[in-house]
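Below: the structure, in structure tokens.
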Amino acid sequence: MKVKYETERLVIREWEEKDYMGLYEFASDVEITKFLHYNTYSNAQEAKARISKIIDSYKLNPLINNFAVVLKLNNKVIGDINISSYKPQAGGSVHIGYTINKNYQGNGYATEAVKGVFQYIKKNKIAKRIIATHDVKNVKSGNVLKRAGMIFEGIARKAGENNLHSRYDVANYSILDEEIKI
């Protein structure tokens, strides 16, 4: 198990094969996945297959990838956080995303994980600019990004496509390296 970073209540680490039921819990929930790009999982085998692919991808890039969000209290996987779309020009920029099991939402875990990923990116000198987006209908996600310190940059009309293959308006946020407190 390779821990990427820790916060007060969370461990963010590489996925392990044994984590598949934690992933399946939130990836099989239509209320969660309606805002995501991948289809709602219909069985635990899909979660196992995704984790296997993610584990293989750590060999290619262990810093910029998808990681498990785990409660320190009981070692329960409650979500994921990812760093993607790396663009190395001019100090670099990355896109982050996250998902939290609805049974654990409303406790500040998403904000804590996002603030932690900012520090992880800064400490590892991965990028000078961090971008996050969400469907404008996913107001909770926007609130997380604001609480984490990101700046709202505007809405791109019908710029996103969800797993239902419908277009949606995308809210855009960013934070710069110099705005991240360590």
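Throughout, read-outs are computed from the coordinates displayed, never taken from laboratory work. Here the structure is a predicted model, which means the values were calculated and not measured. Reconstructed Cβ throughout: ideal geometry from the backbone, glycine too, with neighbour counts over all protein chains shown.
Taking amide H positions as modeled 1.01 Å from N, with prolines and chain starts lacking one, the residues under 5 Å from residue 41 and 5 or more places away or on another chain are 28, 29.
Put simply, the amide H of residue 163, placed in the peptide plane, has neighbours under 5 Å in 36, leaving out anything fewer than 5 places away on its chain.
Listed values for the stretch 57-73 are Karplus-derived 3J(HN,Hα) couplings in whole Hz (6.51 cos²θ - 1.76 cosθ + 1.60, θ = phi - 60°), namely 6, 4, 5, 7, 8, x, 8, 10, 6, 10, 10, 7, 9, 10, 6, 5, 3, and x replaces Gly and Pro.
Amide hydrogen proximity for residue 7: with H placed 1.01 Å from N in the peptide plane, the residues at 5 or more positions away or on another chain lying under 5 Å are 12. Highest mean packing comes first when the peptides 60-68, 92-100, 39-47 are listed by Cβ atoms within 10 Å, giving 92-100, 60-68, 39-47.
Along its first, second and third principal axes, ordered by size, the chain spans 40, 36, 32 Å in Cα coordinates.
Only bridges with both residues in the stretch 55-155 count here: give the DSSP antiparallel percent, nearest 5.
On the way: 12 of 16 bridges.
Within the stretch 55-155, antiparallel bridges account for around 75 percent of the total.
Using C-alpha pairs under 8 Å with a sequence gap of at least 6, the mean separation divided by the residue count of the chain gives a relative contact order of 20 percent.
Which of the trypsin sites (Lys or Arg not before Pro) found in the stretch 51-102 are in a DSSP loop and have at most 11 neighbouring Cβ atoms, other than their own, within 10 Å?
Numbers: sites: 53, 59, 72, 76, 102; in loops: 59, 72, 76.
Here the sparse-neighbourhood loop sites are 59.
Ranked by the mean number of other Cβ atoms within 10 Å per residue, highest first, peptides 127-140, 152-165 order as 127-140, 152-165.
Using helices alone, I'd like the mean residue ellipticity at 222 nm for the chain: each DSSP H run of four-plus residues gives -39500 (n - 2.57), total over residue count, nearest 500.
Numbers: 5 runs with 50 residues, N = 182.
For the chain, the value works out to -8000 deg cm²/dmol.
Think of each Lys and Arg Cβ as +1 and each Asp and Glu Cβ as -1; about the Cα centre, that makes the dipole of the stretch 3-179 roughly 280 debye.
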